[in-house]
Protein chains: 2
Amino acid sequence: MNNTHHPDLKSWVEVPAGSDFTIQNLPYGIFKTDYVGPRVGVAIGDQILDLSQVATLRSFDDLDIDIKVFDKATLNDFIALGKPVWSKVRERVSELLREGSALAYESEKVLVPMEKATMLLPVEVKNYTDFYSSEEHATNVGVMFRGKDNALMPNWKHLPVGYHGRASSIVVSGTDIHRPKGQTMPPNAETPVFGPSKRMDFELEMAFIVGDNTALGDTVSVAEAEDYIFGMVVFNDWSARDIQKWEYVPLGPFLGKNFGSSVSPWIVTMEALEPFRVAGPEQEPKVLSYLQSEGDKAFDINLQVALEPEGKEETVISTSNFKYLYWNMAQQLAHHTINGCNIEIGDMYASGTISGKSPDSYGSMLELSWSGKQEIQLNDGSSRTFLEDNDTVIMRGWCEKDGVRVGFGEVRSKLLPAKQ
Amino acid sequence: MNNTHHPDLKSWVEVPAGSDFTIQNLPYGIFKTDYVGPRVGVAIGDQILDLSQVATLRSFDDLDIDIKVFDKATLNDFIALGKPVWSKVRERVSELLREGSALAYESEKVLVPMEKATMLLPVEVKNYTDFYSSEEHATNVGVMFRGKDNALMPNWKHLPVGYHGRASSIVVSGTDIHRPKGQTMPPNAETPVFGPSKRMDFELEMAFIVGDNTALGDTVSVAEAEDYIFGMVVFNDWSARDIQKWEYVPLGPFLGKNFGSSVSPWIVTMEALEPFRVAGPEQEPKVLSYLQSEGDKAFDINLQVALEPEGKEETVISTSNFKYLYWNMAQQLAHHTINGCNIEIGDMYASGTISGKSPDSYGSMLELSWSGKQEIQLNDGSSRTFLEDNDTVIMRGWCEKDGVRVGFGEVRSKLLPAKQ
């Protein structure tokens, strides 16, 4: 059976009900334990399939690939093998994990319990771009900053607005982030002040990882763009709103963002997401021809943000969906390269905050608290307008269809107090 | 003699009068020839000293360094050895190149004529940030875009405004750049159009290269910052003004910039620049304490832009100086890290366009032609407001004091027509 998506597939590895990591998923990550790694693994249930160990059993011998790519601290070398190889390896891993596979007899050798592993950043991020592709988010922010009549900038529906972000400070889930210090201009003040940010926020985003290089001067069309995408992660674009507000004119966000961005550790491949394609929003006015998109290029990915105060239970404070985005990934990549900008394996392209139409789907506290004017109620009786020290932010993403769940796991990070 | 700057030092290698590459300079670059490389070299006169070959002569044996760093395609590994090693190697190379050194007997083995070598990008650029640190440039642009009364944004004198740029498209001198295509909004039009940029420009900048890593959450003070800087290059930040103007609100420059930035191939070290320190402009109003700077942290580096139409001689169209910048490099780096943003070896931080007070010192055609309203006259009788296809832009930088010249060579690149 070549269909790695088939709902009837079952694994010899136990997959608990509701697990994100079904045999239809097979996401890639980098893990290490006290004894091995860092190396490449595939998530299955609560276990990690160690691809280095699978390779030593000669299970990939006939695929004609350099198995050293599985014994690396990032996925970049595996990704560089190219899309046909991603497909062959996915199919092989699917076969090896199916009920009846002889690999079950080697389970002690090839499986590592997730609870015994530490997940690392899955790719070396070469370049990072953040788009601004949710109409609802851009409108909400616009209304707050410029009023209802000028909410969306004139360019917004003509091109996927984006800006370059900081690659060095992208970290994996579980990495705590210190509240940043910086310069802000308090309301009605005449001179700026220095201190820890008082308006710390998250942004619910997803990011795609590029799987091929282009040469400077080359372009990637909307039709070709998906061939350049390896997979996706959930992305928390931490934001210090007060720092951002003071610094961002005229050249855009900088220190209000670049102190840290957090990603989920498992890269869900575009092949795993294939069954979850849906149509995106209609685009009106019509976009220029280099941005015109045919077919279903949005994906139905449920998204959730939970906030967990120190020592308390979490509260889900936002429920959104990746399919709400106005601009799709193919349009984003086509736009990014239309001027000849070259792309590289390991590049990360984030969506921008993903907000829906209803207030409970807003993807940032700036929107949920409407710039601090409305308290966000938590299950422990406390409330928030922006994040407090030691709050943990958890973002989750998953697809479900025909009884099959394909999930991203979570990106979970605690906001530590500012460093002294 | 430990003073590698001494004006009396003479090399056994012939250094033509007016050469940028004197024995007091000793900049590092990556070269290759038809037979060797890529590897690390030091420029001296019209020659390249091949450090791999010098190492095989055991000239570095007592320095306790891994000589494999000289046999690499980027300088990152050499830079990673740390500031004390940069210093030791500089001193040793200075000794080896002085009159009387026995290395003269090995000249055929260790020297490569520049005319037989191709220079490559000297570092793998990990992250790239562009500042906006010239008061004259920011004011000129502000006057053109917003009028005299609101020329400088309220934040400009309180912090070194900057934004993240694209690392992947930074290329070395000699790499031609295609005129980018993109979306623009013509004056008085109601919908945007697509096509090659009609307002192609350069920006005269310099960039510094970071020589050490920090951990996420750490800061670098103004006092420490220079210890984190390896050296500098001349930097052409190509800009498509019409693309930039339409896209840049509210998140900053993107496709108007990221199709290419060009750098000079030789990294002049901070140690070589030491004799050329000068005071920077007085900063009024006083900056916040984390940005306060003591001592001479500006550098007297003469800068020049020449434009060479296809097949014609060049015309110098701008003469500026790095010392004009309002914000110094130490302040830029301290600001960049004050929120805990981590820096990496190979990071490149550009200054922003370096304009002086007089119109002949403006560092971009946008300013030189005052947004296209004044023709820039060239020696061949033609004139420009923005760049034409096949124009070559040449930028040069050099210091001179006490009869000693320490120069950067040039960054020279041709603007090719847009790709079909």
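Of the residues B:87, B:173, the single one that is in contact (Cβ under 8 Å) with a residue 40 or more places away in the chain and in the same structural domain as residue B:262 (by TED's automatic domain parsing) is B:173. Could you please let me know if residue A:161 is at pLDDT 95 or above, over 17 Å from the mean Cα position of the chain (by Cα) and farther than 30 Å from residue A:25 by Cβ? The answer is yes for residue A:161. Evaluating residue B:112 against the criteria (1) over 25 Å from residue B:228 (Cα atoms); (2) without any contact (Cβ under 8 Å) to a residue 60 or more places away in the chain leaves one unmet condition, (2).
When the residues of segment B:171-189 are filtered to those that are touching a Leu at 6+ places or on another chain (Cβ under 8 Å), of a type outside the set (Asp, Glu) and within 10 Å of chain A (Cβ to nearest Cβ), the one that is surrounded by the most Cβ atoms within 10 Å (Cβ to Cβ) is B:182.
Inside segment A:394-404, can you point out the residues that are of a type in the set (Lys, Arg) and surrounded by fewer than 18 Cβ atoms within 10 Å (Cβ to Cβ)? Answer for segment A:394-404, where residues must be of a type in the set (Lys, Arg) and surrounded by fewer than 18 Cβ atoms within 10 Å (Cβ to Cβ): just A:401. Of the residues B:101, B:94, B:107, the single one that is buried (at least 17 other Cβ atoms within 10 Å of the Cβ) and over 19 Å from residue B:208 (Cα atoms) is B:94. A residue that is touching a Lys or Arg at 6+ places or on another chain (Cβ under 7 Å) and either closer than 17 Å to residue A:200 by Cα or not acidic (Asp, Glu) (or both) cannot be found anywhere in segment A:349-362. Restricting attention to segment A:391-420, the residues that are over 20 Å from residue A:302 (Cα atoms) and in contact with a Leu (Cβ under 7 Å, 6 or more places away or on another chain) total 2. Just one of (1) under 27 Å from the mean Cα position of the chain (by Cα); (2) in a helix (DSSP H, G or I); (3) within 17 Å of residue B:110 (Cβ to Cβ) fails for residue B:42. It is (2). Among the residues of this structure, residue B:297 does not count as one that is free of Cβ contacts under 8 Å to residues at least 60 places away in the same chain, crowded, with 18+ Cβ neighbours inside 10 Å and basic (Lys, Arg).
Of the strands (runs of 3 or more DSSP E) lying entirely inside segment B:88-151, those carrying at least 1 residues that are out of contact with any Asp or Glu (no Cβ under 9 Å at 6 or more places or on another chain) are B:118-120.
Yes/no matrix, rows are residues, columns are (1) free of Cβ contacts under 8 Å to residues at least 12 places away in the same chain; (2) in contact with a Gly (Cβ under 6 Å, 6 or more places away or on another chain); (3) buried (at least 24 other Cβ atoms within 10 Å of the Cβ):
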position: B:327; (1), (2), (3): no, no, yes
position: B:340; (1), (2), (3): no, yes, yes
position: B:352; (1), (2), (3): no, no, yes
position: B:359; (1), (2), (3): yes, no, no
position: B:363; (1), (2), (3): no, no, yes
position: B:368; (1), (2), (3): no, no, yes
position: B:392; (1), (2), (3): no, no, no
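Residue pairs whose Cβ atoms lie under 7 Å apart, sitting 6 or more positions apart in sequence or on different chains, and linking a residue in segment A:244-273 that is within 7 Å of another protein chain (Cβ to nearest Cβ) to a partner that is of a type in the set (Val, Ile, Thr) and in a helix (DSSP H, G or I), are A:255/A:243. Restricted to strands (runs of 3 or more DSSP E) entirely inside segment A:278-352, those with at least 3 residues that are away from every other protein chain (no Cβ under 14 Å) are A:302-308, A:315-321. Filtering segment B:190-204 for residues that are within 16 Å of residue B:364 (Cβ to Cβ) and within 12 Å of chain A (Cβ to nearest Cβ) leaves a non-empty set. Filtered by the rule that a residue be more than 9 Å from chain B (Cβ to nearest Cβ) and crowded, with 21+ Cβ neighbours inside 10 Å, segment A:139-166 gives A:140, A:160. Flag set for residue A:340, criterion: in contact with an Asp or Glu (Cβ under 9 Å, 6 or more places away or on another chain) and on the phi > 0 side of the Ramachandran plot. Might you check whether a residue that is surrounded by fewer than 17 Cβ atoms within 10 Å (Cβ to Cβ), more than 24 Å from residue B:411 (Cβ to Cβ) and in contact (Cβ under 8 Å) with a residue 60 or more places away in the chain occurs anywhere in segment B:40-53? No, segment B:40-53 contains no residue that is surrounded by fewer than 17 Cβ atoms within 10 Å (Cβ to Cβ), more than 24 Å from residue B:411 (Cβ to Cβ) and in contact (Cβ under 8 Å) with a residue 60 or more places away in the chain.
The values are calculated or read from the model by the stated rules, or taken from the named source; none is laboratory data. Everything numeric here is computed off the predicted structure, so don't read it as measured data. As a convention, Cβ positions derive from the backbone with ideal geometry for all residues, glycine included, and neighbour counts pool all protein chains shown.
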